[in-house]
Amino acid sequence: MRVSASARAAEVVAAMGERRTGTLTVTIGTGCCESTAPFLYEDFWPGPDQEAVGEVSGVTIYAPEYLRRLYPGDQGPRLEVVDELAESLSVETELGVRLALRGTGLDSTDEPQACEVPAAPRRSAPTRSAHPVAERTVVGRPPPELEGLRFR
Amino acid sequence: MADFKLFINGEYVDSASGETFTTTDPATDQPIGEVAKADREDAARAISAARTAFDDGPWPHLPGSERAAKLNKLAELLEANAERFAEAESRDSGGTIKKATFADVPGAASALRWFARMAIEQPDRIELEGSPFPPSKNYVRYEPHGVCAGIVPFNFPLLMACWKLAPALAAGNTSVLKPASYTSVTALMLGELAQEADIPPGVLNIIAGPGGTAGEELASNPMVDKVAFTGSTEVGRRIMQLASGTIKPVTLELGGKSANIVLDDADLDIAAACVLFGTFFHNGQVCESGTRALVHKSIYDDFVSLLVDRAGKIAIGNQLDFDTDLGPMVSRAQAETVERYVALGREEVGEPICGGSAPDALADDLVTANFYRPTIFTGVDNSARIAQEEIFGPVLCVIPFETDDEAVAIANDSIYGLGGGVQSANVERAEAIADRLQTGTVWINDYHMITPERPFGGYKQSGIGRELGTAGYDIYRQAKHVHTNPSTGRDGYMHFAALSANI
């Protein structure tokens, strides 16, 4: 597994290096809300099954054996930056951005059209406005099957 | 000016820095409002308020019945405001109004009521019979830990908030709660209900902000006595490390890649519904989603046809419309993550038999790039990355098997063990399989049925500890053994001779 990094990701990691006094580490982790994702931590113990799979702005990128096995050889995603909030403890979130894994080194093929997913009925057609909270409201009634459903 | 402020020491306050962040409706990318952005200083302020409320306030010393009354009042207020909370939850998270109305809000109220019941029914002192050191008398007293931090994810913001705060408060702890930045609105709204329920200042504190600062402070601050977290496995590891500095107990509910096993004797109609519900509910943004369907080879083709036919009937659109089945993903980034995994799947497995992209067209104001169609890959080998890594999106891997033993082996071939299902007409056979699955919850002929009365948590890298049930109450208490020696003469102290008969 080899994980590369975009120029912007390198900038973000370097910026955090300026803001934090401890040793920074990128670890590629797995599971739940962020899927497999990079985490930039200060003074982090990578753990016994982690090995270096790349470097960004002088910061080592680690991945566990479990993931290295899934991305053999030089395969691996690229460290990118998304301008979105995130809930991880990754330290770059204090800049209002989040490191993310993008690209696979693999090509995707054409989009399939095997089954059509219908759009929900357009019973309301709210328009963009400066106050969308007031504009977008609940539409319709609960389905009858759920009306009788009650949590104890 | 923040539309949604931090709730610290019983009051709504701005962040110390005055900074805010914008929370948006993921269906439209339009702003919902500005949220006060807590940093390390705000987290410390909230922790300090919780510390004072615990050390100097009445809360830990109230009878369980009085704490229960406050939590029941909170549940009552939540139910009275159900429509407002459901609408806010749906808009902020992208979850459908159906989910918010019938799962999030009632589930949150139900958790409050369950742990209120625990505070009444679970004794905080148990006299122990038969002392091994007669004539001593012994009892165990159950006490709160102190300040409990709760960090919750974006998928069930209100529900998860109540899963954390309800047992903590019921047991006499005070709490600092941090919802996910994407979805902090309803958790912050709970503050107004806490005021109305007359929960003392500092007992419940709610802050929103980046995990890299506010979250790190919650996990590491020495004034915090316990941390409970739901979210990424890697963040769970980080929290363990940060909490280890002061040996804080942690409760972690982490990732999953759960298997839903469809046996050859299953009612295919119900089993297909269970698999689709188990995978695509809330766009698969559920930790225990059954994203690996293990299907017996003898029914494989028929079953896959059913899945594809019905997946095509799942309606995508405005999450605020009761006729919508799937709203947007929580964020563009999450939709892009799904896209990346689908690309991986195409390379490893081939074309998905349905889905595999954002919807072609939706209502004019909806941002289609934030949505994703239910996607099914068939003939997947369990070693494929899409079968091993948690995608947290609407992507189902269908994996064939021939024997029950093989199904169990495939199901257990994961670093996770959070949920799972067995679909069969033979409950005895299904239970035999369930007993062998290395996972915290198994649903037989059903899926996703989680209730506050039953324990929930993970095996392996899916977590530590159990939430909900009586176990989920006990993790917020610690046992103190009190030994009393009633002896009035030396005869009752023969054991001192283990040191010296001369003392």
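The values are calculated or read from the model by the stated rules, or taken from the named source; none is laboratory data. Every value quoted in this text rests on a predicted model; they were computed, and no experiment measured them. Glycine gets a Cβ as well: all are built from the backbone with ideal geometry, and neighbour counts include every protein chain shown. Protein only, heavy atoms only, side chains kept; ligands, DNA and RNA dropped before computing areas. Shrake-Rupley method; radii C 1.70, N 1.55, O 1.52, S 1.80 Å.
Rolling a 1.4 angstrom probe over the protein chains, ignoring ligands and nucleic acids, what is the accessible area of residue B:163 in square angstrom, nearest 10?
That residue has around 20 Å² of solvent-accessible surface.
For the A and B pair, go ahead and give the buried accessible area with a 1.4 Å probe, both sides summed, in Å² to 100.
7200 Å²
Mind jotting down a quarter of the surface of the convex hull over the alpha carbons of region B:1-92, in square nanometres, one decimal?
Spelled out: convex hull of the Cα atoms, projected over all directions, averaged, 7.4 nm².
Determine how large the accessible area of residue B:453 is when every protein chain is in place; take a 1.4 Å probe and give Å² rounded to the nearest 10.
30 Å²
Of all DSSP beta bridges in chain B, what percent run antiparallel (nearest 5)?
On the way: 29 of 65 bridges.
Beta bridges within chain B, antiparallel portion: roughly 45 percent.
Note the full-extension length gain between residue B:81 and residue B:41 as 0.36 nm times their separation in residues minus their Cα-Cα distance, in nm to one decimal.
Once the chain is fully extended between residue B:81 and residue B:41, it gains 11.2 nm.
Round to the nearest 0.05 the FRET efficiency obtained for residue B:360 and residue B:298 when R0 = 30 Å and r is the Cβ-Cβ distance.
Values: r = 36 Å, r/R0 = 1.20.
Result of the calculation: an efficiency of 0.25.
Give me Rg/Rg_expected for region B:259-391, where Rg uses Cα atoms only and Rg_expected = 2.2 N^0.38 Å with N residues.
1.04
Using only the alpha-carbon atoms of the protein assembly as shown as identical scatterers, what base-10 log of I(q)/I(0) does the Debye formula give at q = 0.10, 0.12 Å⁻¹?
Each listed q corresponds, in turn, to -0.90, -1.28.
For the protein assembly as shown, what is the accessible area per residue in Å² when the probe is 1.4 Å? Kindly include the intermediate steps, with their values, before the conclusion.
Working: 24050 Å² over 655 residues.
Ligands and nucleic acids excluded, the result is 37 Å² per residue.
Bin by bin, in steps of 10 Å, what percent of the Cα pairs in chain B do you find, going until the bin that has the longest distance?
All Cα pairs considered, the percentages come to 4, 19, 27, 24, 15, 7, 3, 1, 0, 0.
Among A:81, B:131, B:417, whose Cα projects farthest towards the positive end of the dipole of the protein assembly as shown, with charges put on the beta-carbon of Lys, Arg (+1) and Asp, Glu (-1)?
Value computed over the given set: B:131.
Taking only DSSP H segments of four or more residues, each worth -39500 (n - 2.57), what value at 222 nm results for chain B once the sum is divided by all its residues, to the nearest 500 deg cm²/dmol?
Result for chain B: -10500 deg cm²/dmol, rounded to the nearest 500.
How much length would be gained if the chain were fully extended between residue B:66 and residue B:406, taking 0.36 nm per residue of separation minus their Cα-Cα distance, in nm to one decimal?
117.2 nm
For chain B, which whole-number percentage of the solvent-accessible area (1.4 Å probe, protein heavy atoms only) is attributable to carbon and sulfur atoms?
The nonpolar share, carbon plus sulfur, comes to 51 percent.
Could you work out the mean count of beta carbons from other protein chains within 10 Å of each residue's beta carbon in B:221-234?
Taking the mean over all residues of the peptide, I get 4.
List the pairs from B:226/B:480; B:98/B:313; B:37/B:248 whose alpha-carbon separation is above 23 Å, in the order I gave them.
The pairs that break the limit, which is 23 Å between Cα atoms, are B:37/B:248.
Compute the FRET efficiency between residue A:8 and residue B:138 as 1/(1 + (r/R0)^6), taking r as their Cβ-Cβ distance and R0 = 56 Å, and round to the nearest 0.05.
Plugging the Cβ-Cβ distance into 1/(1 + (r/R0)^6) gives 0.35.
Return the unpartnered cysteines for chain B, using a Cβ-Cβ cut-off of under 4.7 Å.
If one checks each Cβ against the other cysteines of chain B, B:148, B:162, B:274, B:287, B:397 turn up with nothing under 4.7 Å.
Given H placed on each backbone N at 1.01 Å, which residues far from residue B:24 in sequence or on other chains put an amide H within less than 5 Å of it?
Excluding prolines and chain starts, which carry no amide H, the hits are B:32.
Grab the Cα-Cα distance for residue B:485 and residue B:425, subtract it from 0.36 nm times how many residues apart they are, and report the gain in nm with one decimal. Walk me through the intermediate numbers first.
Details: separation 60, 0.36 × 60 = 21.60 nm, distance 5.89 nm.
The span from residue B:485 to residue B:425 would gain 15.7 nm if fully extended.
Using the Cα centre of the protein assembly as shown as the reference point, and only Cβ charges (+1 on K/R, -1 on D/E), how large is the resulting charge dipole? Debye, rounded to the nearest 20.
It works out to roughly 1620 debye.
Over all directions, the average projected area of the alpha-carbon convex hull for region B:125-198 comes to how many nm²? Write out the running numbers ahead of the final one.
Details: hull surface 27.7 nm².
The Cα convex hull of region B:125-198, projected and averaged over all directions, gives 6.9 nm².
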